[in-house]
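The structure appears below as structure tokens.
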Amino acid sequence: MNIGIDISQIVYQGSGVSRFTKGLINSILQHDKTNKWTFFFSGLRRRIDSILIEKIKDKGFSIIQYPFPLSLLSFLVNDMRNTTKFLTENSPNFKKLDWFITSDWIEPPMPCKKATIIHDLVFRVYPDTVDKTIVAAQANRLIHVERESELIFTDSRSTATDLMTMYDIDKNRVVVNYPGVSKNEQLTSLSTLDKFWIKKPYILSVGKIEPRKNIPRLIKAYKLAFGKSKDKPALVIVGPYGWGELAESDDPKIIITGFVTDRDLVALYRNAKFFIYPSLYEGFGYPIIEAMHYGCPVAASSTSSLSEIGGKAVYTFNPTSTEDISKTLINMNQDSALRRKLSTIGIDHAQSFSWKKYYQTLIRSLNDSSSN
């Protein structure tokens with residue numbers, strides 16, 4: 001097969017979609033020895049890592065880059081769709097493709113079969129937690145997905161159910177494909193903690209700072225749980241700022257790091273007393289599996305995909321209840337046997353999320369649909 005894929009999302013460091021895109025590209029480069037791939041990227045000020053570009057070329061695959069910002073692409077796809085269709089149908093870059101795979105942002109018309117990857121439907125389930133421009137763009141995209149995509153890959157059964165409930169999409173078009181979560185084998189040291197003025201013990205939470213991540217409620221729950229106790233564990237909140245209310249506190253035990261490198265993140269996972277993820281809604285939830293990889297006990301919201309993804313390896317709570325989050329913090333902090341149990345189960349559970357499996361399901365589904 002000759003397959004094209006949009007990888008524009010890879011440049012948004014610190015986001016789950018960037019991590020997903022990087023993992024998918026690497027799995028294609030590692031495992032595909034049969035198909036031809038063309039990687040398409042569009043961006044104005046952001047650039048792809050030159051090392052990744054060389055890896056793609058070394059495999060004999062192609063990469064085509066366009067100097068268009070997302071706002072211009074959105075205008076072309078949604079407001080000038082007939083013009084865009086004329087351009088793609090007459091472009092040799094697209095005419096040669098058997099499949100074109102999109103994800104997350106735009107859904108251009110194509111002269112070949114289309115597959116798409118839907119990470120979540122937060123813009124429909126919790127629209128107030130998403131920027132209005134993103135809500136509008138995603139709403140437009142799903143109209144085209146509903147009409148045009150022959151295959152739709154979702155990151156969880158939860159998202160698949162949301163999709164078939166909210167749109168006129170037959171279940172035969174939907175494939176649940178759990179993303180891989182790789183363990184970073186880089187050596188780490190306690191110097192990471194010194195860099196951010198972190199002292200053990202500490203509780204860790206990771207995620208882009210935006211309303212659905214529920215960080216202000218987590219901070220309130222932490223204060224409710226531990227008050228002004230001098231020997232309380234610190235709360236370390238990691239992730240780049242997205243939009244909405246800033247994560248901030250005057251409590252010196254609450255440390256907000258912003259974006260950190262992958263190497264520093266591994267060190268933070270490995271040394272945390274436990275990990276807590278209070279997100280209101282997730283299509284998958286990368287950080288909970290990442291934490292498990294490094295033996296960090298996990299507590300997570302009982303909503304959306306998180307119970308499905310975490311299984312028996314997570315201690316769940318109601319993310320809309322400050323009191324329930326507070327009780328969870330207390331229980332996880334005090335119960336060492338619970339933490340040991342979750343750590344042991346979690347390490348084993350994390351192994352099931354493999355990029356090789358993801359790649360195999362993707363290619364098998366494209367092949368099966370091509371032959372129908």
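Yes/no matrix, rows are residues, columns are (1) over 25 Å from the mean Cα position of the chain (by Cα); (2) crowded, with 19+ Cβ neighbours inside 10 Å; (3) under 24 Å from Leu151 (Cβ atoms):
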site	(1), (2), (3)
Gly4	no, yes, yes
Thr34	yes, no, yes
Ser42	no, yes, yes
Asn82	yes, no, no
Is it the case, given these coordinates, that Tyr202 is in the same structural domain as Arg124 (by TED's automatic domain parsing) and either of a type outside the set (D, E, K, R) or at pLDDT 95 or above (or both)? no
Counting only residues that are over 16 Å from Ile309 (Cβ atoms) and aromatic (Phe, Trp, Tyr), how many does the range 136-174 have? 1
What is the residue count in the range 218-269 for residues that are surrounded by fewer than 17 Cβ atoms within 10 Å (Cβ to Cβ) and either touching a Phe, Trp or Tyr at 6+ places or on another chain (Cβ under 6 Å) or among the basic types (Lys, Arg) (or both)? 5
Could you figure out which of (1) farther than 20 Å from Leu204 by Cβ; (2) of a type in the set (S, T, N, Q); (3) at pLDDT 95 or above isn't true of Ser370? (3)
Which one of the conditions (1) touching a residue at least 12 places away in the same chain (Cβ under 8 Å); (2) of a type in the set (Lys, Arg); (3) over 22 Å from Leu193 (Cα atoms) does Lys228 fail to meet, given that it meets all the rest? (1)
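Quick grid of which residues meet (1) of a type in the set (A, V, I, L, M, F, W, C); (2) over 23 Å from the mean Cα position of the chain (by Cα):
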| residue | (1), (2) |
| --- | --- |
| Leu29 | yes, no |
| Thr38 | no, no |
| Phe68 | yes, yes |
| Leu73 | yes, no |
| Phe86 | yes, yes |
| Phe94 | yes, yes |
Note: among Ile56, Ile51, Ile64, just one is in contact with a Leu (Cβ under 9 Å, 6 or more places away or on another chain) and aliphatic (A, V, I, L, M), namely Ile56
Selection from the range 199-226 of residues closer than 24 Å to Asp128 by Cα and either part of a strand (DSSP E or B) or charged (D, E, K, R) (or both) yields Ser205, Val206, Lys208, Ile209, Glu210, Arg212, Lys213, Arg217, Lys220
Can you pull out the helices (runs of 4 or more DSSP H) entirely within the range 259-333 that have at least 3 residues that are in the same structural domain as Val236 (by TED's automatic domain parsing), closer than 26 Å to Val17 by Cβ and more than 18 Å from the chain's Cα centre (by Cα)? 262-271
Pair list, Cβ under 6 Å, 6 or more apart: the range 98-114 residue farther than 16 Å from Ala136 by Cα, other residue of a type in the set (Gly, Ala, Ser): Trp99/Ala115; Phe100/Gly4; Ile101/Ala115; Lys114/Ser149
I'm trying to understand the selection: among the residues of the range 150-165, which are of a type in the set (A, V, I, L, M) and over 19 Å from Thr361 (Cα atoms)? Leu163, Met164
Would you point out which residue out of Ile134, Ile64, Ile106 is modelled with pLDDT of 90 or more and aliphatic (A, V, I, L, M)? Ile64
In the range 174-203, what residues are within 22 Å of the chain's Cα centre (by Cα) and surrounded by 13 or more Cβ atoms within 10 Å (Cβ to Cβ)? Val174, Val175, Val176, Asn177, Tyr178, Pro179, Gly180, Val181, Ser182, Lys183, Asn184, Ile203
Being of a type in the set (A, V, I, L, M, F, W, C), in the same structural domain as Asn140 (by TED's automatic domain parsing), on the phi < 0 side of the Ramachandran plot and not in a helix (DSSP H, G or I) narrows it down to one of Val175, Val236, so name that one. Val175
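The values are calculated or read from the model by the stated rules, or taken from the named source; none is laboratory data. Computed from a prediction, not measured in an experiment: that's the story for all the values here. Please note: Cβ atoms are built from the backbone with ideal geometry, for glycine as well, and neighbour counts cover all protein chains shown.
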